[in-house]
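> Got a structure for you, questions after.
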Amino acid sequence: ADALKRLNLQDIMTGLASSGKNVKDMGAYKFWATQPVPKFGEDGDPDTTVEEGPIETHTIEDIPKAPAPLLNGFEWCEMDLTNDSELKEVWELLNGHYVEDNEAMFRFNYSPSILKWAMMPPGWKKQWHRGVRASQSKKLVAFIAAIPVELRIRTNVLHAAEVNFLCIHKKLRSKRLAPVLIKEITRLCNLDGVWQAIYTGGVVLPKPVSTCRYFHRAINWLKLYEVGFSPLPPNSKPQFQIRKYAVPERTSTWGLREMQKKDVNAVQDLLTRYLAKYDMAAEWDKAEVEHWLLHNKKDALEEQVVWSYVVEDAHKRITDFISFYCLESSVINHPKHKNVRAAYLFYYATETGLATPVDKEALKKRLNELVSDTLVYCKKYNFDVYNALSLMDNGLFLEDQKFGPGDGQLHYYLFNYRANPIAGGVDKRNRL
Ligand code: MYA
């Protein structure tokens with residue numbers, strides 16, 4: 001009963017589903033059973049903690065210098081995202097074949113600008129943008145990407161890779177090509193001396209280190225209703241819903257302004273101190289802060305992908321910052337709407353959360369102000385919905401800002417690293 005209670009509690013806090021439903025028997029994970037990842041059921045008593053660290057170690061000399069052969073008729077390629085026509089090929093593959101919701105109503109539609117932002121941060125490597133082409137037509141039919149990341153897990157900082165954009169053309173599904181792509185990106189990372197990775201996904205695999213739930217805050221409720229994203233609750237009427245999700249006209253935080261290049265040092269310092277509260281976080285240097293939060297557009301054709309705001313006090317100190325990025329989804333086969341424009345809450349930090357001991361009420365008030373102000377900007381920049389995950393201190397404002405839980409979960413995985421579970425959204429100094 002105790003174990004059950006613990007499990008339910010964790011379910012509620014993090015949406016963790018991986019200890020019961022949705023989990024295949026370990027033997028059914030034919031590929032993952034062969035990989036250096038923790039297995040379901042291997043840790044025994046959930047109260048005992050494991051020693052954290054790599055699962056296996058190798059040297060670069062052990063790693064094959066050439067890729068494994070592909071099925072006849074297919075060949076490996078490196079995608080050069082600085083070349084607009086190759087960027088367009090990746091965009092086309094993802095636009096037609098990347099992640100969909102369970103009912104196949106929406107599909108992520110990363111713009112070429114977001115793809116560059118997401119796959120070309122400081123230190124990016126061309127060889128980590130790996131594709132598969134049909135040998136005859138040269139059509140791009142599969143892709144996988146990795147970027148370098150300094151990843152802190154509790155007190156250990158790993159020189160790791162973040163793997164994303166795994167995608168296989170719909171006509172080539174269920175042919176065991178995904179394991180081939182995953183082994184190839186592993187080989188390429190290993191050749192650069194990288195032995196650990198982080199990746200996320202909506203599917204349950206062995207074995208999440210953490211699980212978050214998506215929350216959604218309607219901005220253009222009527223459009224979300226028309227595309228089938230937001231239901232009309234029983235006994236409600238569209239006009240009630242529209243009124244419920246009205247957004248304030250103006251921002252309210254004194255000193256809030258757009259982040260500029262001159263703020264990079266202060267934001268990096270504030271963010272580093274804020275993220276220190278969490279068990280797992282990326283560690284950004286100044287170039288990464290500038291890339292991820294300011295993403296200088298290289299030319300006028302590039303779209304804005306990230307919006308960042310700081311609060312500057314009367315002494316010219318940066319006391320807070322908050323950011324969100326844009327990721328559209330295509331609405332599949334809809335007569336009226338083609339796209340849903342979603343803003344995703346990204347990083348934030350506030351001095352209010354750094355007092356010791358943490359003044360939870362003050363932090364709650366401050367985060368509500370900041371998030372409410374970004375809602376004003378989301379509306380101004382024509383977003384239909386504002387999404388956030390059940391991580392960081394988001395539990396302090398999700399309900400007040402009218403975010404509702406979605407069906408979607410996001411599982412976080414570590415490759416070749418054993419770690420104790422990390423509860424989403426729990427501040428270890430002050431369990432919220
Ligand atoms: S998450 C986004 C994933 N992409 C999509 O959902 C797009 C739409 N779907 C597709 O394109 C395909 O369905 C994919 C699978 C490509 C997902 N992560 O080839 P198959 C396992 C890991 O017959 P397909 C993201 O990009 C599955 O359990 N494994 O299947 C992060 C089975 O293994 P097992 C997955 O449907 C990616 C095997 O693949 C995933 O044709 C992180 C079946 O292969 C998944 N999302 O293709 C990748 N989905 O038998 C890991 C299915 O064991 C990186 N599978 O159950 C690991 C770190 C590597 C670097 C390490 C460096 C040190």
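The values are calculated or read from the model by the stated rules, or taken from the named source; none is laboratory data. Note that the structure is a prediction, hence the values are computed from the model and not measured. No Cβ is skipped: glycine too gets one built from the backbone with ideal geometry, and neighbour counts run over all protein chains shown. For the accessible areas, the whole protein counts, side chains as well, though only heavy atoms, and no ligand, DNA or RNA atoms are used. Shrake-Rupley method; radii C 1.70, N 1.55, O 1.52, S 1.80 Å.
> What whole-number distance in Å separates the alpha-carbon centres of region 77-135 and region 140-158?
Measuring centre to centre over Cα atoms gives 16 Å.
> Something else now. Determine the per residue accessible area of the chain with all protein chains present and a 1.4 angstrom probe, expressed in square angstrom.
That works out to 50 Å² per residue.
> Rg over Rh of region 225-372, using C-alpha atoms and the Kirkwood radius, what does it come to?
Numbers: Rg = 18.5 Å, Rh = 17.9 Å.
Dividing the radius of gyration by the Kirkwood radius yields 1.03.
> Roughly how much of residue 116 is accessible, in Å² to the nearest 10, using a 1.4 Å probe?
Approximately 40 Å² of residue 116 is accessible to the 1.4 Å probe.
> Most mobile of 270, 354, 301 per a Gaussian network model of the chain (Cα springs, under 10 Å)?
Among 270, 354, 301, the largest mean-square fluctuation in the Gaussian network model of the chain belongs to 301.
> To continue, here is another question. Pairs to check: 277/402; 286/379; 24/402; 262/380; 65/171; 65/170. Give those whose C-alpha atoms are more than 28 Å from each other in this structure.
Working: 277/402 26 Å; 286/379 30 Å; 24/402 35 Å; 262/380 25 Å; 65/171 30 Å; 65/170 30 Å.
Too far apart for the 28 Å limit: 286/379; 24/402; 65/171; 65/170.
> Leaving ligands, DNA and RNA out of it, rank 226, 361, 249 by accessible area with a 1.4 Å probe, largest first. Mind showing how you got there, number by number?
Values: 226 70, 361 120, 249 160 Å².
These residues rank, largest area first, as 249, 361, 226.
> Express in Å², to the nearest 10, the accessible area of residue 26 obtained by rolling a 1.4 Å probe over the protein heavy atoms while all chains stay in place.
Taking all protein chains as shown, residue 26 has close to 40 Å².
> Okay, next question. Provide 150, 103 ordered by accessible surface of protein heavy atoms (probe 1.4 Å), highest first. Before the final figure, lay out each step's value.
Details: 150 65, 103 120 Å².
Order by accessible area, largest first: 103, 150.
> Additional query: Against the empirical 2.2 N^0.38 Å scaling, what ratio does the C-alpha Rg of region 44-111 come to? Can you show the working numbers first?
On the way: Rg = 20.1 Å, N = 68, 2.2 N^0.38 = 10.9 Å.
Taking the Cα Rg and dividing by 2.2 N^0.38 Å, one obtains 1.84.
> Which net charge results for the neighbourhood of residue 233, defined as the other residues with beta-carbon distances under 15 angstrom from its beta-carbon, given Lys and Arg at +1 and Asp and Glu at -1? Before the final figure, lay out each step's value.
On the way: positive: 237, 243, 244, 402; negative: none.
Taking every Cβ under 15 Å from that of residue 233, the sum is +4.
> How much solvent-accessible surface does residue 176 expose, in Å² to the nearest 10, with a 1.4 Å probe and all protein chains in place?
Using a 1.4 Å probe on the heavy atoms, I get roughly 140 Å².
> With no solvent and one equal point scatterer placed on each C-alpha of region 212-305, evaluate the Debye formula and give log10 I(q)/I(0) for q = 0.23, 0.24 Å⁻¹, two decimals.
Listed by q, the Debye log ratios stand at -1.11, -1.15.
> Calculated FRET efficiency, residue 175 and residue 59, Cβ-Cβ r, R0 25 Å, to nearest 0.05?
Values: r = 33 Å, r/R0 = 1.30.
For R0 = 25 Å, the calculated efficiency reads 0.15.
> With every protein chain kept in the model, how would you rank 329, 252 by accessible area, 1.4 Å probe, largest at the top? Write out the running numbers ahead of the final one.
Values: 329 20, 252 85 Å².
Listed by decreasing accessible area, they come as 252, 329.
> In the chain, what percentage of the DSSP-assigned beta bridges are antiparallel, given to the nearest 5?
Bridges in the chain are about 90 percent antiparallel.
> Right, another one. Percent of Cα-Cα pairs more than 17 Å apart in region 306-349, please.
Details: 494 of 946 pairs.
Tail of P(r) above 17 Å: 52 percent of Cα pairs.
> Sticking with this one: Would you please calculate the Kirkwood hydrodynamic radius of the chain over all C-alpha pairs and express it in Å, rounded to one decimal? Can you show the working numbers first?
On the way: mean 1/r = 0.0432 Å⁻¹.
Taking every pair of different Cα atoms in the chain, averaging 1/r and inverting gives 23.2 Å.
> Roughly how many debye, to the nearest 20, is the charge dipole of region 180-338 about its Cα centre, given +1 on each Lys and Arg Cβ, -1 on each Asp and Glu Cβ, and no other charges?
Numbers: 22 positive and 19 negative charges, 147 e Å.
Computed about the Cα centre, the dipole is about 700 debye.
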